[in-house]
Amino acid sequence: MADSKLYEILGVSRTASDSEIKRNYHKLAKEYHPDKNPAAGDRFKEISYAYEILSDPKKRQTYDKYGLKGLQEGGQGGCPPDDLFGKFFDIFGMGGGRPRGRARGEDTIHRLDVSLEDLYLGKTTKLQLSKNVICSHCNGVGGKLGAVVPCRDCQGRGIKITYQRFGPNMTRQLQSQCMTCQGLGETISEKDKCTKCKGKKVVNETKILEVHVEKGMAEFQRIYFRGEGDQLPNTEPGDVIIVLDVKEHEVFQRSPNDDLLIKKEITLTEALCGFQFVLKHLDGRDLLIKHGPGEIIRPGDLKGVRGEGMPHYKNPFEKGNLYVKFDIKFPDNNFATEEQMLQIQSILPPRPDFVMPTGEDVEEVNLMDYVPNERSSRGRQEVYAGDEDEHMHEGPGVECAHQ
Ligand SMILES: [Zn+2]
Ligand SMILES: [Zn+2]
């Protein structure tokens with residue numbers, strides 16, 4: 001299915017290069033940054049999200065193939081359907097979304113480092129964060145009743161508008177925060193300020209949040225604490241959002257469908273004659289993996305153990321599979337005597353038939369090791385040098401291929 005919403009958000013085509021995506025992202029992010037453009041908060045989030053996906057080759061591939069839904073199901077999208085995903089549908093006229101009430105504060109986003117073990121076993125962790133809460137002494141008024149008056153410098157709007165001329169007949173309107181009231185739109189005379197919050201209406205408090213990392217959660221998955229963001233008078237507090245950052249694991253790699261993958265090197269002897277090895281799983285169990293003789297393991301072979309992958313999120317008793325990708329370590333040169341070589345030959349399948357060609361055009365040559373770039377790199381350097389030459393004496397008829 002051809003879903004190109006994320007491309008549309010960044011204003012690029014589906015075939016856009018990484019640098020093109022990056023360039024447009026920077027341009028748009030600048031334009032819609034909440035500092036500059038407070039009303040465009042949602043737009044900014046969409047832009048960030050689109051970039052998060054399209055700048056990651058793996059996620060971009062998933063998205064190209066399966067669309068937004070694919071990212072969700074694969075656990076790569078990082079946002080539960082009721083939030084950003086829901087908002088996407090909103091923009092494209094598919095309903096849903098939060099009802100508009102009083103102003104809503106900013107969400108606070110924290111990253112939480114977790115290991116693959118944490119996601120396998122689940123984990124509860126305490127997170128200490130500081131946040132603003134309404135001052136209990138003045139109930140968020142900031143001072144004595146009647147002491148709070150609209151700012152005279154900005155007529156209570158909190159912002160100042162100035163006009164700047166640029167070019168002939170053009171002016172630009174600039175909006176900036178009122179310095180007198182710090183954008184609050186009101187002032188309190190020093191003597192009437194609340195003694196606890198010094199007129200700020202809020203005080204800083206330390207809060208401990210208990211974060212439940214559930215089995216099978218995904219990288220970049222968000223855990224929401226509704227309304228736990230900074231408090232402000234007459235504002236619905238935003239959420240605290242914990243984003244899971246998964247540390248790379250030394251042994252296991254996780255795929256979007258909860259399979260686990262390990263790489264295993266075995267010797268040629270093991271590949272031909274069978275092997276066993278112990279794998280320490282993410283929960284500490286020792287898995288004894290056995291493979292008898294008879295079925296040969298070839299370089300790059302992928303073998304699996306059913307149900308030993310990651311637990312599925314919200315359904316942790318079901319698990320993905322564990323896959324082992326094999327690499328074969330061949331013996332060192334001259335590992336056997338000539339006599340032993342003959343023994344090996346006698347066991348292995350015979351060589352293919354060989355007929356020696358006759359005539360004068362037969363030439364016997366030796367094999368050498370591959371030498372990378374011996375010719376090609378020197379060749380390329382010459383091309384570059386030539387290119388630069390051209391730039392230096394640019395004359396008629398010489399076209400410069402500037403990108
Ligand atoms: Zn107070
Ligand atoms: Zn003001």
### Query
Restricting the first residue to the range 121-142 and requiring it to be within 19 Å of residue 184 (Cα to Cα), which pairs with a second residue that is among the polar types (S, T, N, Q) and within 8 Å of ligand 1 (Cβ to nearest atom) meet a Cβ separation below 9 Å and a spacing of at least six or different chains?
138/195
### Query
strands (runs of 3 or more DSSP E) wholly in the range 269-369 with at least 1 residues that are touching a residue at least 60 places away in the same chain (Cβ under 8 Å) - which ones?
315-319, 322-329
### Of residues in the range 201-252 being acidic (Asp, Glu) and assigned to a strand (DSSP E or B), the one nearest to residue 189 (Cα to Cα)
205
### Task
Just give me the residues in the range 225-256 being surrounded by fewer than 18 Cβ atoms within 10 Å (Cβ to Cβ), more than 30 Å from residue 136 (Cα to Cα) and of a type in the set (Val, Ile, Thr), in sequence order.
243, 251
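Checking the conditions here, which among 259, 283 is in contact with a Leu (Cβ under 9 Å, 6 or more places away or on another chain) and surrounded by fewer than 15 Cβ atoms within 10 Å (Cβ to Cβ)? Steps first, answer last, please.
On the way: 259 fails: surrounded by fewer than 15 Cβ atoms within 10 Å (Cβ to Cβ).
After ruling out the rest, the residue left standing is 283.
State which residue is nearest to residue 192 (Cα to Cα) when the search covers only the range 142-177 and only residues that are among the charged types (D, E, K, R) and more than 16 Å from ligand 1 (Cβ to nearest atom). Lay out the reasoning, then the answer.
Within the range 142-177, the first condition is being among the charged types (D, E, K, R), and the residues that meet it are 144, 152-153, 157, 160, 165, 172.
Applying the additional criterion that residues be more than 16 Å from ligand 1 (Cβ to nearest atom) yields 152-153, 157, 160, 165, 172.
On the way: 152: 17, 153: 20, 157: 22, 160: 26, 165: 42, 172: 39 Å.
Once the filter is applied, the top-ranked residue is 152.
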### Query
When you scan the range 121-172, how many residues do you find that are assigned to a strand (DSSP E or B), loosely packed, with under 12 Cβ neighbours inside 10 Å and either within 16 Å of ligand 2 (Cβ to nearest atom) or among the hydrophobic types (A, V, I, L, M, F, W, C) (or both)?
2
#### Entry: Residue selected from the range 320-340 under the condition among the hydrophobic types (A, V, I, L, M, F, W, C) and open to solvent by 80 Å² or more (accessible area, probe 1.4 Å), by the criterion nearest to residue 256 (Cα to Cα)
330
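The values are calculated or read from the model by the stated rules, or taken from the named source; none is laboratory data. None of the values given here were measured: they were computed from a predicted structure. Heads up, the Cβs are rebuilt from the backbone with ideal geometry, glycines too, and the neighbour counts pull from every protein chain shown. These accessible areas exclude ligands, DNA and RNA; they are computed on the full protein's heavy atoms, side chains included. Shrake-Rupley method; radii C 1.70, N 1.55, O 1.52, S 1.80 Å.
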